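What follows is one structure encoded as structure tokens, with my remarks underneath.
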Amino acid sequence: MANSHKAFFLQLEKELAVARTLHRLLCEERKLLDPPRIKALTDLQQEKLEHLNALKELSVQRCDLLNDLQVPLDKHCYLAPILQSETPSDNTKLAELWQELADQFEENRRITEVLANIVLTARQRTQSLMKILRGKKNTPNLYTKSGQTQSRSEGLGYAKA
């Protein structure tokens with residue numbers, strides 16, 4: 001029993017370390033978005049992708065470990081008898097580590113949501129600016145003199161600066 005407890009504890013520690021690093025990278029990305037520093041963001045994206053892949057791999061390893069031990073994959077898996085230690089303080093540490101990992105995942109999800117909103121807002125702003133630059137022809141009359149609908153203007157093309 002002690003070996004299963006220790007293996008699971010070490011697995012969670014590895015996963016938490018990568019999740020914390022990912023959190024740091026997400027916070028750094030947030031800072032780089034205002035004002036946007038494209039080169040630094042590009043470099044950061046590669047590092048973030050590597051950590052996301054590492055976190056995914058560690059998650060798969062954790063699930064494989066739990067499957068091998070025939071422990072159900074749920075939020076209370078750390079309470080399975082095979083993962084418990086004979087020392088109550090070790091079990092408390094395991095529970096705290098499990099909760100810390102869950103909290104870190106939730107915080108990373110929250111920051112990712114904020115970053116997605118920032119990027120979507122910037123995208124909408126860029127699209128609006130592109131419409132302005134294209135210079136749409138203003139046609140206030142929707143119908144011709146004969147009562148037929150007027151065809152839509154395709155615009156005048158990009159405005160010359």
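Taken together, the values in this text are just the output of simple stated rules run on the coordinates, not laboratory data. If you're wondering where the values come from, they're calculated on a predicted model, not measured in any experiment. Here Cβ is always computed from backbone atoms with ideal geometry, including for glycine, and neighbour counts include all displayed protein chains.
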With DSSP loop assignment and no more than 12 other C-beta atoms within 10 Å, the trypsin sites (Lys or Arg not before Pro) in segment 1-84 are 75
Honestly segment 1-89 on the Cα gyration tensor test (a ≥ b ≥ c root eigenvalues; a/c under 1.5 rounded, otherwise a/b vs b/c for prolate or oblate) is just prolate
For segment 44-144, listing GluC sites (Glu not before Pro) in a DSSP loop whose Cβ sees at most 14 other Cβ atoms within 10 Å gives 86
Measuring from the longest principal axis of the C-alpha atoms of the chain, the long axis of helix 38-68 (C-alpha) lies at a number of degrees, nearest 10, equal to 40 degrees
In nanometres, the difference between 0.36 nm per residue of separation and the alpha-carbon distance of residue 52 and residue 27 is 7.5 nm
Here the relative contact order (percent) of the chain, from C-alpha pairs under 8 Å and at least 6 apart, is 28 percent
Place a point 7 Å from the Cα of residue 115 in the direction of its beta carbon; the residues of segment 34-50 whose amide N falls under 15 Å from it are 34, 36-50
P(r) over all Cα-Cα pairs of the chain, 5 Å bins from 0 to the longest distance, whole percent per bin, short to long, reads 1, 7, 12, 13, 11, 9, 8, 7, 6, 5, 4, 4, 4, 3, 2, 1, 1, 0, 0
Among 14/56; 14/75; 31/93, the pairs whose Cα-Cα distance exceeds 22 Å are 31/93
